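For reference, the structure discussed in these notes is given below.
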Amino acid sequence: MISNRRYWFLLFLIFLTYLVGMFVTLIENDSAQFAVMAMRMFQENDFINLFKGPNEYLDKPHMHYWLAALSYKIFGLHDWAYRIPAILATLLGAFSCFGLGKLLYNADTGRLAALIFMTAQTIVLSVIDVRTDAVLTGWTIFAIWQLTAYIEKKAVLNIILGAFGTGIAFSTKGQIAILVIGLPLLCHLAYTRKWKRFLSWKVLVALVVFGLAIAPMLYAYYHQFDLHPEKIIRGKGSRSGIFFIFWEQSFERMSGEGIGKNSSDYFFFFHTFLWVFLPWTVIAILAIAERFKTLSRIKFAYRPMYEFLTLGGIVLIFIVISFAQFKLPHYLNIAIPLFSILTAAYLYDLQQLFKDKILKLLLGVQYFILALVFIVSVLICFYVFKFDNWLHYVWMIPLMAVGIRFSMKREGYYYRIITVSAFSAVILNLVMNVHFYPSLLKYQSGSEMAKVVAANDIPVDKIYKLSERHTWSLDFYNKQPVTISSIEGIRGKKDIWVYVTDEERKLLNQSGFDWDRQYTQDDFRITRLQAKFLNPATRKKALGKMHLIHIY
């Protein structure tokens with residue numbers, strides 16, 4: 001393993017990247033939406049009912065929103081406060097990768113697994129564009145670690161902690177947590193033949209702990225839905241929140257019922273993996289192939305030097321989520337800890353077995369990825385969004401110089417692979433967090449319009465919109481949701497502000513409304529980047545407009 005000094009230096013850089021990202025404007029849709037949902041909890045002191053805008057929310061349980069609202073309680077209503085639970089959960093995930101890697105292999109593998117996990121592209125993104133997956137991922141790998149430790153050591157503390165972690169994960173996103181925790185454990189039990197570990201009174205204790213952990217979430221669901229069968233949710237009455245979270249949720253997600261369908265591509269997560277696990281993707285693919293080859297050679301017979309928890313868990317999770325009719329890239333986050341441990345074990349074995357030819361080849365691949373990172377960074381900083389402040393050079397040039405220095409250092413291939421890979425992640429994501437996202441988010445009209453509202457002391461309680469079209473970032477930074485109305489609803493009102501699209505502004509004009517002030521912001525769906533937008537010469541053609549007009 002690399003020296004402690006360098007290891008902690010790399011961890012410091014990636015943690016610094018996380019911290020810088022804390023202060024980036026919230027991104028629409030999901031991140032800003034969830035922040036507003038937690039904001040309502042915080043402002044109304046209502047931790048029982050979940051709402052998405054004006055509508056009751058059944059899709060996901062409460063834990064993510066509770067943690068965000070608690071953070072608001074402690075630190076105030078800020079975008080960085082919303083991200084704190086996600087960062088803490090990610091650090092828990094990294095520590096759990098270390099613990100499970102050490103348990104299954106050795107301490108060096110565990111340390112490397114933690115570094116790989118923290119530098120995987122989708123994990124870095126998950127603490128910036130915060131959704132429920134950061135909390136889910138941290139607690140699922142913690143539960144897997146502790147329950148695996150129980151299987152190996154039979155300690156009651158491990159199964160209690162594992163049950164508690166499972167309860168928190170279940171309270172974050174429902175049945176998928178049980179699946180992600182259960183499938184790797186079943187693979188481990190099948191490979192080690194230690195089924196009798198769960199024929200114990202300790203399992204009953206764990207079930208009690210799990211029940212206590214999920215009780216607050218079940219209580220909230222019961223009060224919001226089970227006590228109110230008259231509520232119509234997704235076109236259905238008599239919805240039981242408890243029945244939904246224990247049974248209906250996964251079937252609705254698999255079929256796309258209620259939430260809709262966005263992909264029937266069964267290979268969606270295979271090609272998505274190519275970018276979400278950067279810069280470690282190629283190494284991970286080889287690690288999977290090598291483990292398959294090894295286990296096939298020994299006909300999956302148990303050998304203490306091998307484990308099937310990570311590979312089996314990855315394969316089964318991939319199969320299950322690939323059949324879902326609604327897919328998003330961040331759904332893969334739950335499997336990233338398993339990829340990290342397997343990849344770390346593979347790299348460590350290559351070094352221990354002196355397989356210099358493979359290591360040399362992998363180093364060449366990682367140099368290529370680093371070169372791509374340099375090219376992308378230069379394009380972002382000098383073409384897509386040109387530097388407009390010389391202070392950017394103060395951090396960028398030294399960082400790249402340090403990266404080049406370590407890349408050129410004459411030392412073993414194994415050590416250079418780790419360093420080059422980590423620096424690739426750090427350089428790319430610092431450029432993204434410090435320069436790309438702040439520049440990109442200038443085209444998110446809601447958050448930009450909120451600055452106009454604040455600068456001009458516009459009363460937020462007098463702002464209306466003419467449809468139920470979501471305005472999450474404007475809602476959050478105004479610290480109050482925009483009031484939903486209609487053209488007829490605002491007719492006769494004086495001294496109000498209306499947040500409208502180009503088409504809605506035309507309708508207002510045609511309906512006889514007059515206004516004396518108007519503020520306009522560029523608008524672009526920034527989570528759906530396209531070449532026309534990224535090209536400065538054609539960017540204006542990709543932009544829409546949003547207007548805030550004062551009706552006097």
I'd like to know if segment 9-31 contains one or more residues that are of a type outside the set (D, E, K, R), in the same structural domain as Ala120 (by TED's automatic domain parsing) and part of a helix (DSSP H, G or I).
yes
Taking first residues from segment 231-249 that are without any contact (Cβ under 8 Å) to a residue 12 or more places away in the chain and second residues anywhere that are loosely packed, with under 12 Cβ neighbours inside 10 Å, the pairs with Cβ under 7 Å that are 6 or more apart or on different chains are Gly237/Pro229; Gly237/Glu230; Ser238/Pro229
Here the residues within segment 61-84 that are more than 22 Å from Ile176 (Cβ to Cβ), aliphatic (A, V, I, L, M) and in contact (Cβ under 8 Å) with a residue 40 or more places away in the chain are Leu77, Ile84
Across segment 32-82, the tally of residues that are farther than 12 Å from Arg131 by Cα and in a loop (DSSP other than H, G, I, E, B) stands at 16
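Looking only at residues that are β-branched (Val, Ile, Thr), over 22 Å from Asp79 (Cβ atoms) and touching a strand residue (DSSP E or B) at 6+ places or on another chain (Cβ under 7 Å) in segment 476-531, which one is surrounded by the most Cβ atoms within 10 Å (Cβ to Cβ)? Give the derivation first.
Of the residues in segment 476-531, the ones β-branched (Val, Ile, Thr) are 482-484, 487, 490, 496, 498, 500-501, 520, 526-527.
With the extra rule that they be over 22 Å from Asp79 (Cβ atoms), the set shrinks to 483-484, 487, 490, 496, 498, 500-501, 520.
Within this subset, residues satisfying the condition of being touching a strand residue (DSSP E or B) at 6+ places or on another chain (Cβ under 7 Å) are 483-484, 490, 496, 498, 500-501, 520.
Details: Thr483: 16, Ile484: 15, Ile490: 19, Ile496: 18, Val498: 25, Val500: 21, Thr501: 18, Thr520: 15.
Among residues in segment 476-531 that are β-branched (Val, Ile, Thr), over 22 Å from Asp79 (Cβ atoms) and touching a strand residue (DSSP E or B) at 6+ places or on another chain (Cβ under 7 Å), the one surrounded by the most Cβ atoms within 10 Å (Cβ to Cβ) is Val498.
With the requirement that a residue be out of contact with any helix residue (DSSP H, G or I) (no Cβ under 9 Å at 6 or more places or on another chain) and either exposed (fewer than 13 other Cβ atoms within 10 Å of the Cβ) or not in a helix (DSSP H, G or I) (or both), what does segment 202-233 give you? Give the derivation first.
Quick first cut of segment 202-233, residues out of contact with any helix residue (DSSP H, G or I) (no Cβ under 9 Å at 6 or more places or on another chain) only: 204, 219, 227-230, 232.
Those that are out of contact with any helix residue (DSSP H, G or I) (no Cβ under 9 Å at 6 or more places or on another chain) and either exposed (fewer than 13 other Cβ atoms within 10 Å of the Cβ) or not in a helix (DSSP H, G or I) (or both): Leu204, Leu227, His228, Pro229, Glu230, Ile232.
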When every residue in segment 443-468 that is surrounded by 13 or more Cβ atoms within 10 Å (Cβ to Cβ) and of a type in the set (Ser, Thr, Tyr) is compared, the one nearest to Ser31 (Cα to Cα) is Ser447
Checked Leu136, Leu125, Leu112, Leu147 against criteria (in a helix (DSSP H, G or I), surrounded by fewer than 24 Cβ atoms within 10 Å (Cβ to Cβ) and among the hydrophobic types (A, V, I, L, M, F, W, C)); the one match is Leu125
Take Phe374 and tell me if it is assigned to a helix (DSSP H, G or I), free of Cβ contacts under 8 Å to residues at least 60 places away in the same chain and within 26 Å of the chain's Cα centre (by Cα). yes
Here the residues within segment 358-383 that are surrounded by fewer than 19 Cβ atoms within 10 Å (Cβ to Cβ), more than 30 Å from Glu290 (Cα to Cα) and among the hydrophobic types (A, V, I, L, M, F, W, C) are Phe374, Ile375, Val376, Val378, Leu379, Phe382
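Would you pick out the residues in segment 337-357 that are free of Cβ contacts under 8 Å to residues at least 12 places away in the same chain, part of a helix (DSSP H, G or I) and farther than 19 Å from Thr310 by Cβ?
Our first condition is that a residue be free of Cβ contacts under 8 Å to residues at least 12 places away in the same chain; within segment 337-357, this holds for 349, 352-355, 357.
Filter once more, keeping what is part of a helix (DSSP H, G or I): 349, 352, 357.
If the condition is that a residue be free of Cβ contacts under 8 Å to residues at least 12 places away in the same chain, part of a helix (DSSP H, G or I) and farther than 19 Å from Thr310 by Cβ, then Lys357 is the only one that fits.
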Filter segment 32-78 for residues that are small (Gly, Ala, Ser) and either assigned by TED's automatic domain parsing to the domain that holds Arg528 or in contact with a Leu (Cβ under 7 Å, 6 or more places away or on another chain) (or both); the one that is nearest to Pro329 (Cα to Cα) is Ala32
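The values are calculated or read from the model by the stated rules, or taken from the named source; none is laboratory data. The structure presented is a predicted model; accordingly, all values stated were derived computationally and were not measured. All Cβ positions, even for glycine, are placed from backbone atoms using ideal geometry, and neighbour counts span all protein chains on display.
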